[in-house]
Number of protein chains: 2
Amino acid sequence: MPAPSHCDLLIRGARVVSVHTGEQTAADVAVTGDLIRALLRPGTQIDAGHVIDADGLLVVPGYVDAHMHIESSLLAPREFARITLPRGTTTVLADPHEIVNVAGREAMAWMIEQGRGAQQSMHWAVPSCVPALEGFETAGAVLSAADIADMLDWDGVTTLGEVMDYRAVVDGSRRMREIVAAARAKGVRLDGHCPNLSGDDLGEYLWAGIDSDHTKNTPEVAVEKARLGMLLMLQEKCLTPELVSRLATLPVQPDFCLVTDDLAADAIVERGHLDHIARVAVGAGMDPLTVLRALTLHPARRLGLDDRGVVAPGRRADLVLLRDLADFTPVMVVCGGEPVEESAPAVLSGNPFADSVHLDPLDTDGCAWTVDLPDGEHVFRALRVNPVDTFTEPAEVVLPVRDGVVQWEGRTAVLAVFERHHRSGRRTMAPVVGFELSEGAVATTYAHDSHNLTVTATTIAALREAVNRVIASHGGICVIAAGDEPVHLPLPVAGVLSDRPAEEVSHGAAAIREALHRWGWVHRNAFMSISTMTLPVSPQVKLTDLGLVRVVDRAWEPAVLT
Amino acid sequence: MPAPSHCDLLIRGARVVSVHTGEQTAADVAVTGDLIRALLRPGTQIDAGHVIDADGLLVVPGYVDAHMHIESSLLAPREFARITLPRGTTTVLADPHEIVNVAGREAMAWMIEQGRGAQQSMHWAVPSCVPALEGFETAGAVLSAADIADMLDWDGVTTLGEVMDYRAVVDGSRRMREIVAAARAKGVRLDGHCPNLSGDDLGEYLWAGIDSDHTKNTPEVAVEKARLGMLLMLQEKCLTPELVSRLATLPVQPDFCLVTDDLAADAIVERGHLDHIARVAVGAGMDPLTVLRALTLHPARRLGLDDRGVVAPGRRADLVLLRDLADFTPVMVVCGGEPVEESAPAVLSGNPFADSVHLDPLDTDGCAWTVDLPDGEHVFRALRVNPVDTFTEPAEVVLPVRDGVVQWEGRTAVLAVFERHHRSGRRTMAPVVGFELSEGAVATTYAHDSHNLTVTATTIAALREAVNRVIASHGGICVIAAGDEPVHLPLPVAGVLSDRPAEEVSHGAAAIREALHRWGWVHRNAFMSISTMTLPVSPQVKLTDLGLVRVVDRAWEPAVLT
């Protein structure tokens, strides 16, 4: 029996790029249902329901994102899919650890259900560390090993999400032992998060069965990880010319994936999704075929999805049509056999997590940084932020204390974290240095990973106003920069997602970013910078609702040094 | 917590070769139980139950054979493991389709049970084509789709074995449709066998979900298969300089495996197992790191065994110690955490398949090639064999017929196939050309894949004697070359395996090979050449107990052309 006589969709006149051999071969691609039925000699007569003229175009497999968080886009799943699918991202493995830290198992179930409505193929990782650092922060929910074991059986779930509490794994803490054991018993993949972990500690992490990493490492540590079979998942900030040239010195080029991890709506709309990461990789000096494999074959394999990542008969008809391999911007995308059409922006219908910010509006007293210290000058531990990445360094700031209140205004910026899930009234503060900021503040309920209400401010008045605006909108991000109107992006879904269409959220996010810039927060990724000062698994010093954390030691950092 | 304080086994002073990066890194390898516990800085103090001094040696992962048949060694599984494990083969995926063609499900169960006693890690493929070509040959057993579905659930079974009836797949025959569907429903891998299948036909085979091939292809077809994501499994005969240099021209080097497929005991003892294939690959021009990956990482991945193929903490302690990467001969092997020790040759205890040759001794009449043709000269279809591979070409031989009997003696060699499973009395004959043979014969019950009693002879007397000796030994191989004593290797286990120790079988097999050579059967792999003239899925013309088969058309070939 020769080739089939009919198909649902025929892509005519293209050249198919093989991710296995790198060759480009002229072929007409016949699609039946959601599968590639055949690659035909160009011009083969076949009865086709729909024909796409792809003369002069390349056909590559749909892009697969092996590590990402939909919440980082600030969009509900269907809106996320609507703007990323035309960018070529036909499959994602999403780890919804932001919303699950706020609203637990119900939030995970809701995300999966929302994803079912999307044309994009959504697969799910169960968040492994809720909260990220047990005992060091207060999240809205706690997932036990038993919860996780149960959720790993849910339909659509394939992976244990990034095991962020890497020090606890290395140190053999009971929580992580139990969670890792639960996942291993299910036979799922265990994804990692272990910035610059190396040597014996890295060995212990591998011993636990965790064999991927998407964090930023020095080129030497990245190579050490690859050497030991840990799959590198390279996000934008990892794609430095230093890493690319270091990889090129190796006798064998290790497989790796390109991933988005955290991309906000405006970044996606303005620059792209995996296609953007691909261009960054090419710009950093990577060979386009290597990039293509890292977008398709390797992540599909990581996800255990042998049915995709390759253009061949029998595979899923997830296809991207490109003009050339220098640019990864799709001319057209086919997902599950269906051409991806432009679809209408949609407002989320129904928000089960509308009431997630359990805080009363602040009065002036509520803004005071009170301490149990005598009057006089004291040395406080500060977080030093930088314009490039989300790591902080420990710094020192001398501030006067009067009547038990730190007199910070006019002397430093401060970071404050208000526990917002359980009405504990708990609040912590610490100085922040690194940027030249004018009068103003940024408050956000989107603050990794516990998503307590977090505010950075240079004046008490701005702090109070930003916080109260965010409380009033049931979550969101608000920037107040001197002289400007407040810029406010509501995030009423658990305080981490918008219920609005992607384009509107993109504009809102861009406005927040611009306002931060005007304020003086000049960072390559201001969103991540602002929202990870509370992430106690990201080196080196972070502030949670319970205090300052020295991340690499997994220990408390004293707030006052004298 | 730093590195562990104790381990069961420590390999000191070696350099570990990374299959991911190709680097060699000095490290002491600590093993606990059957796992690699840690890679330690050289000289780290650790309490070790046993220490191996590996100063100056390399450590690489144990070799994994992704496609092979234990029966080809003529050895029972434990004897096979005993001689291949010291060669570095720590894991095999065995497809027992030879013995299963004789004795069905019981034989498969017996092989698996035998394998459980071995230190080598044995995994199993269910033979997909029993018989190889439905309707064209008579095997001892028939496996239905229901049988296969059931066996795919057996402990230790991971794969549907090579789908040899590739024309039936391409043509959509009911048997293969059902078997393929059964395997796909189980989610197992489907291994292929499709020599030089290409174009639309190859597309149909891939469409069925079969995505590997271990047969010999032209370099162009091999590349076509790789391009479409079919995993190439390269056995010795595939490893030609032409293929190696063709692969080197590709923009991307596709992953492939090195496999043994069919190696007889003497070949293993004299030349090696996967280590031998590796040397052949290097000799054909392959880079040693590419070879190493094709022995370890890629086959482990194919088998879905993420726990091996890499030397790293948490992986199985299947390790090979080498002097250098130019030669793959192990200095020492560790399998499942245990150093592989020399062990005593063993005679099989218990042979449930001793009575498998259901034939009475031949008398002179039984040797006659009777035909329904008038007296005179007739043109007979012959098989032309060659000294290099197992393919045949159609040839013609003119022979006189007298009183319904073909007068072949003195004019040609003949091949005869005696159905031996069901006492049908069926027998077929055809001329064989290609070698200059003296007076003699070779008879064998090991004849792919139905393993009917097959004899090639130049005289009637030799034919008869060789056949009768094999019947008397309940199976085996017997060569009679003019002037020599008969050389006879009994194979009393289903007529395909010896019950004797490997070294004895090796000597016996070598003696058979030498006798064949003396007789004039001068072939690179005389065993395979002799035993595949009956294999109706191996191009181009083969003889079964039912007649001549034109393989590429999956059709009967007329025995008489005029």
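The values are calculated or read from the model by the stated rules, or taken from the named source; none is laboratory data. Quantities reported herein were computed from a predicted structural model and do not represent experimental measurements. Here the Cβ positions follow ideal geometry from the backbone for every residue, glycine too, while neighbour counts run over all protein chains shown. Heads up: the accessible areas ignore ligands, DNA and RNA and are worked out on the full protein's heavy atoms, side chains in. Shrake-Rupley method; radii C 1.70, N 1.55, O 1.52, S 1.80 Å.
Values for this structure:
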{"read-out": "Volume per residue of the C-alpha convex hull in region A:266-340, rounded to whole Å³", "value": "105"}
{"read-out": "Computed over the protein assembly as shown, Kirkwood Rh from alpha-carbon pairs, angstrom", "value": "32.3"}
{"read-out": "Heavy-atom surface of region A:441-493, accessible at 1.4 Å and reported per residue (Å²)", "value": "25"}
{"read-out": "Exposed-site-free run, longest, chain A (rule: trypsin sites (Lys or Arg not before Pro); DSSP loop; at most 16 other C-beta within 10 Å)", "value": "A:1-322"}
{"read-out": "For residue B:234, residues with placed amide H under 5 Å, excluding near neighbours", "value": "B:257, B:258, B:259"}
{"read-out": "Probe 1.4 Å, protein heavy atoms only - accessible area per residue of region B:352-405 in square angstrom", "value": "52"}
{"read-out": "Per-residue mean of C-beta atoms belonging to partner chains within 10 Å, peptide A:315-323", "value": "1"}
{"read-out": "Which listed pairs, of A:186/A:237; A:216/B:225; A:216/B:186; A:237/A:542; A:186/B:225, have C-alpha distances above 28 Å, in listed order", "value": "A:186/A:237; A:216/B:225; A:216/B:186; A:186/B:225"}
{"read-out": "Amide H contacts under 5 Å for residue B:9, placed H, 5+ residues apart", "value": "B:31, B:49, B:50"}
{"read-out": "Under 12 Å, Cβ to Cβ, from residue A:284 - net charge with Lys/Arg +1 and Asp/Glu -1", "value": "0"}
{"read-out": "Three semi-axes of the equivalent ellipsoid, region A:1-122, Cα gyration tensor, whole Å, largest first", "value": "36, 15, 11"}
{"read-out": "Under the Debye formula (equal points on every Cα, no solvent term), log10 I(q)/I(0) of region B:116-170 at q = 0.30 Å⁻¹", "value": "-1.21"}
{"read-out": "Shape category assigned to region B:159-275 from the gyration tensor of Cα positions, a/c cut at 1.5", "value": "oblate"}
{"read-out": "Chains B and A, summed buried accessible surface - 1.4 Å probe, Å², nearest 100", "value": "4000"}
{"read-out": "In Hz, Karplus ³J(HN,Hα) per residue of region A:540-548 (6.51, -1.76, 1.60; θ = phi - 60°; x = Gly, Pro)", "value": "10, 10, 10, 10, 10, 5, 9, x, 7"}
{"read-out": "Carbon plus sulfur fraction of accessible area for region A:470-562, probe 1.4 Å, in percent", "value": "57"}
{"read-out": "Percent of C-alpha pairs per 10 Å bin, region A:411-501, short to long", "value": "19, 50, 27, 4, 0"}
{"read-out": "Point-to-point label distance, residue B:402-residue A:144, nm (Cα→Cβ direction, 7 Å offset)", "value": "9.4"}
{"read-out": "Theoretical ellipticity at 222 nm over the protein assembly as shown - DSSP helices of four or more residues, -39500 (n - 2.57) apiece, nearest 500", "value": "-7500 deg cm²/dmol"}
{"read-out": "Delta accessible area of at least 20 Å² on complex formation, residues of region A:222-253, 1.4 Å probe, chain isolated as reference", "value": "A:227, A:228, A:229, A:250, A:251, A:252"}
{"read-out": "Ranked by how many other beta carbons lie within 10 Å on average, peptides B:60-69, B:281-290, B:91-100 from highest", "value": "B:60-69, B:91-100, B:281-290"}
{"read-out": "Estimated translational D of region A:359-511 in µm²/s (Stokes, Kirkwood radius over Cα pairs; 25 °C; 0.890 mPa s)", "value": "152"}
{"read-out": "For chain A: relative contact order, % (alpha-carbon pairs under 8 angstrom, 6 or more apart)", "value": "15"}
{"read-out": "Cβ-based net charge around residue B:16, under 11 Å, with every Lys or Arg adding one and every Asp or Glu removing one", "value": "0"}
{"read-out": "Shape call, region B:349-439: gyration tensor on alpha carbons, a/c limit 1.5", "value": "oblate"}
{"read-out": "Compactness index (Cα Rg / 2.2 N^0.38 Å), region B:11-58", "value": "1.11"}
{"read-out": "Sorted largest first, extent of region B:143-207 alpha carbons per principal axis (Å)", "value": "37, 21, 17"}
{"read-out": "Amide hydrogen neighbours beyond the local backbone of residue A:16, cut-off 5 Å, H modeled", "value": "A:25, A:26, A:27, A:59"}
{"read-out": "1.4 Å probe, heavy atoms, protein only - residues of region B:27-73 losing at least 50 Å² accessible area vs chain alone", "value": "B:37"}
{"read-out": "More than 14 Å apart - percent of Cα-Cα pairs taken over region B:488-535", "value": "56"}
{"read-out": "Inter-copy separations for residue A:364, label at 7 Å along Cα-Cβ, nm, ascending", "value": "12.9"}
{"read-out": "Peptide B:501-509 - average C-beta neighbours from other chains (10 Å radius)", "value": "0"}
{"read-out": "7 Å along Cα→Cβ, label-point gaps from residue A:106 to other copies, nm, shortest first", "value": "6.2"}
{"read-out": "Percent RCO, i.e. relative contact order, over region A:300-415, from Cα pairs under 8 Å lying at least 6 residues apart", "value": "14"}
{"read-out": "Rel. contact order, % - alpha carbon contacts under 8 angstrom, at least six apart, region A:144-197", "value": "48"}
{"read-out": "Kirkwood-type radius of region A:465-562, with distances r between different C-alpha atoms, in Å", "value": "15.0"}
{"read-out": "Three-way shape call for chain A based on the alpha-carbon gyration tensor, with the a/c threshold at 1.5", "value": "prolate"}
{"read-out": "Accessible-area composition of region B:239-391, carbon plus sulfur, in percent [1.4 Å probe]", "value": "51"}
{"read-out": "Environment charge at residue A:240 (Cβ cut-off 11 Å; Lys +1, Arg +1, Asp -1, Glu -1)", "value": "0"}
{"read-out": "Karplus 3J(HN,Hα) series, Hz, for region A:390-406 with 6.51 cos²θ - 1.76 cosθ + 1.60 (x for Gly, Pro)", "value": "9, 6, 10, 10, x, 9, 10, 9, 8, 9, x, 10, 9, 6, x, 10, 6"}
{"read-out": "Estimated distance in nm for a label pair at residue A:174 and residue A:555, the labels positioned 7 Å out from Cα along Cα-to-Cβ", "value": "2.3"}
{"read-out": "Region B:222-296 and region B:503-562: distance between their alpha carbon centers, rounded to Å", "value": "24"}
{"read-out": "Inter-chain Cβ neighbour average for residues B:199-211, partner chain, 10 Å", "value": "6"}
{"read-out": "Accessible surface, region A:1-153, averaged per residue in Å² (probe 1.4 Å)", "value": "29"}
{"read-out": "Cα centroid of region B:93-146 to Cα centroid of region A:344-413, whole Å", "value": "69"}
{"read-out": "DSSP H segments from chain B that extend 15 Å or more along their own axis, Cα-based, with Kyte-Doolittle mean of 0.0 or above", "value": "B:460-472"}
